[in-house]
Amino acid sequence: MKFVVPCFYGNGGKLEFLNEFMLPVVVGICLCTGFIVKKWVRDVDNKYIPTIVAVLGVVTASWISGWIFTPQVVLSGLISGLASTGMHQLLKQYIEGNHGRNTGYDHTDSDEV
């Protein structure tokens, strides 16, 4: 099964080559970990979550590779970890019903912390 991130695919995009470095297991682990940190760890500011999942992605990719650190493993971990933040935003918009449309809804008065 090939895992393709929409922003890296199609229309002759310049970032298509990054798809070969995507590891779905790492994306899933980072997505779930980022979600838990966002919802349950109140002392962590949202701006740190991409860094947390990027580092976790590198560690997880290295673990999957038998604890080998090569440039390809590091890149796979970084790409997969950071892609999980984009995946979170896609899922969030889908669940909220935006489906990629600009609804004009002002999120500033939401009850989200």
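The values are calculated or read from the model by the stated rules, or taken from the named source; none is laboratory data. Every value quoted in this text rests on a predicted model; they were computed, and no experiment measured them. For neighbour counting, all protein chains shown are included, and Cβ atoms are generated from backbone atoms with ideal geometry for every residue, glycine included. All accessible areas refer to the heavy atoms of the entire protein, side chains included, with ligands and DNA or RNA removed. Shrake-Rupley method; radii C 1.70, N 1.55, O 1.52, S 1.80 Å.
Pairs only if they're at least six apart or on different chains, beta carbon under 9 angstrom, first in the stretch 41-53 and aromatic (Phe, Trp, Tyr), second open to solvent by less than 100 Å² (accessible area, probe 1.4 Å); list them, first residue then second.
Partner pairs satisfying both residue conditions: Tyr48/Val37.
Please give the number of the condition Glu16 fails out of (1) at pLDDT below 95; (2) under 16 Å from the mean Cα position of the chain (by Cα); (3) surrounded by 13 or more Cβ atoms within 10 Å (Cβ to Cβ).
Status for Glu16: all satisfied but (2).
Regarding the stretch 90-105, can at least one residue be identified that is surrounded by fewer than 18 Cβ atoms within 10 Å (Cβ to Cβ), at pLDDT below 95, within 16 Å of the chain's Cα centre (by Cα) and farther than 17 Å from Gly34 by Cα?
Our first condition is that a residue be surrounded by fewer than 18 Cβ atoms within 10 Å (Cβ to Cβ); within the stretch 90-105, this holds for 90-105.
Filter once more, so that each one left must be at pLDDT below 95: 90-105.
Within this subset, residues satisfying the condition of being within 16 Å of the chain's Cα centre (by Cα) are 90-94.
The next check asks that each one be farther than 17 Å from Gly34 by Cα; those that pass are 94.
Within the stretch 90-105 (the criterion being surrounded by fewer than 18 Cβ atoms within 10 Å (Cβ to Cβ), at pLDDT below 95, within 16 Å of the chain's Cα centre (by Cα) and farther than 17 Å from Gly34 by Cα), the answer is yes, since at least one residue qualifies.
Could you tell me how many of the residues in the stretch 59-87 are under 11 Å from Val27 (Cα atoms) and open to solvent by less than 50 Å² (accessible area, probe 1.4 Å)? First the steps, then the outcome.
Step one: list which residues in the stretch 59-87 are under 11 Å from Val27 (Cα atoms), which gives 60-61, 76-87.
Filter once more, keeping what is open to solvent by less than 50 Å² (accessible area, probe 1.4 Å): 60-61, 76-77, 79-81, 83-87.
Final tally of qualifying residues: 12.
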